[in-house]
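Structure first, commentary second.
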Amino acid sequence: MHAPSLESPYAWRLAVASMLCIAIGAGGLYMPVVAMTDIAAEFGNRRQVPSLAYTLAYIGTGIGGIAMGWLADRVGPRWPVMMAGVMIAVGSWTVAQGGEAVLLAGYGLLVGLLGQSGTFTPLVNNITGWFDRRRGTAIAIVAIGNAVGGFIWPQVFRLSLPAWGWRDSLMAYGAFAAVTLVPLSFYVRAAPVRRDTAGGGAAAAGGRLPYRSPITMALLGIAGLCCCAPMAMPVVHMVAFCSDLGFSAARGSEAVSLVLLVAIVFAFIMGRLADRIGPLPAILIGSSLQALALLGFMFVDSLPGLLALSGLMGIPFIATVQAYALALRDFYGARAAGWRLGFIMLFTLCGMALGGWLAGIIFDLTLRYQAAFGIGFLFNLVNLLAVAILHVGWRRVRRVSPLPAAPRRPA
């Protein structure tokens with residue numbers, strides 16, 4: 001006789017609410033993307049300034065994600081989400097008032113470290129404890145929050161920038177984040193499955209490690225860094241890249257939205273694929289497609305080609321990150337503490353930060369993006385190697401000690 005499922009109507013509603021929180025919290029990160037040339041114009045036409053603001057926000061989000069994951073394990077995810085709403089508003093207002101130093105510090109500390117970090121890691125980790133049969137689908141719903149936000153906010157900012165400018169647009173976004181995230185936080189409840197963060201090992205929690213835990217976590221971190229650094233290079237600089245190719249900024253915003261629209265669709269497709277073949281093979285497929293897209297960006301010069309490559313980049317954009325969460329659950333079982341997911345997210349976010357910043361520096365040095373895309377391709381190869389090593393170890397462990405089957409729906 002099978003144990004009753006954890007899943008409930010509230011769990012599905014919570015997945016949607018969590019996705020909305022992440023989508024709202026991600027908005028501020030897209031202002032330096034859409035308004036890159038406008039912001040750079042105020043600081044000596046240096047694109048590395050908005051690129052660095054974007055970078056610091058991602059690094060802050062990653063570092064804060066470890067702390068917020070740890071905090072959510074102890075007091076529940078509600079408080080990190082509430083804090084995110086307040087600090088994003090404070091950070092947006094602060095950035096809109098100051099110069100270059102305030103821009104960089106505000107994005108790194110307020111918007112990133114104390115703001116957006118309170119959404120993704122606590123909410124993704126929390127939702128895994130509400131599902132035992134359709135966990136992959138639930139994680140996909142929550143994880144697409146970044147893509148939903150990335151699809152909507154560039155269009156919102158594209159419309160507001162001509163009328164309000166980037167500073168007033170950012171202040172309006174911060175106010176919206178506060179009045180939506182704080183009420184939504186009261187709907188978020190901690191998962192009924194308690195994660196024992198005191199230890200006990202993966203085996204005790206029902207998981208299996210492909211290698212010793214430090215090696216496994218290091219390989220996951222390297223894989224996360226080296227998949228997201230090349231991912232950020234064309235996406236963060238898409239609007240500026242389109243301008244360099246002779247297309248309007250509107251076409252660049254549409255290309256960014258296309259990346260994220262495709263990411264939303266393929267989060268579910270790749271999630272189902274990961275349920276069938278495992279998260280690590282799914283990552284290998286997505287990373288290979290991304291490598292092909294990066295090679296294409298080095299040579300593209302037409303709008304149809306640019307849009308086709310943008311769609312290809314969208315396939316692994318969210319699916320890869322959610323596959324890391326699924327792999328972590330396979331490796332460590334029910335006791336996969338929030339800080340572990342936060343650790344992996346730190347590397348993925350640092351990868352996004354590094355890629356966006358590095359592409360800005362390379363452009364300032366060469367006045368072209370092709371060299372940046374080539375370096376991104378090399379990062380992608382390192383990602384493929386790290387995931388392949390994990391997959392080899394995981395196959396060996398599963399042959400020796402297979403995981404128990406997931407519970408079935410009662411007849």
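General observations
- 1 or more residues at pLDDT below 90 and not hydrophobic (A, V, I, L, M, F, W, C): qualifying helices (runs of 4 or more DSSP H) within the stretch 246-350: 249-277, 303-332
- Single condition ILE269 does not satisfy, out of (1) under 18 Å from the mean Cα position of the chain (by Cα); (2) under 21 Å from LEU354 (Cα atoms); (3) among the aliphatic types (A, V, I, L, M); (4) surrounded by fewer than 24 Cβ atoms within 10 Å (Cβ to Cβ): (2)
- Check on GLY224, open to solvent by 10 Å² or more (accessible area, probe 1.4 Å) and assigned to a helix (DSSP H, G or I): no
Each row is one residue, and each column tells you yes or no for (1) within 22 Å of TYR173 (Cα to Cα); (2) at pLDDT 95 or above.
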position: SER8; (1), (2): no, no
position: ALA17; (1), (2): yes, yes
position: PRO32; (1), (2): yes, no
position: SER51; (1), (2): yes, no
position: TYR58; (1), (2): yes, no
position: MET68; (1), (2): no, no
position: VAL81; (1), (2): yes, yes
position: GLY85; (1), (2): yes, yes
position: TRP93; (1), (2): yes, yes
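The values are calculated or read from the model by the stated rules, or taken from the named source; none is laboratory data. Quantities reported herein were computed from a predicted structural model and do not represent experimental measurements. When we count neighbours, we look across all protein chains shown, and the Cβ atoms used for this are built from the backbone with ideal geometry, even at glycine. Heavy atoms of the whole protein, side chains included, go into the accessibility calculation; ligands, DNA and RNA do not. Shrake-Rupley method; radii C 1.70, N 1.55, O 1.52, S 1.80 Å.
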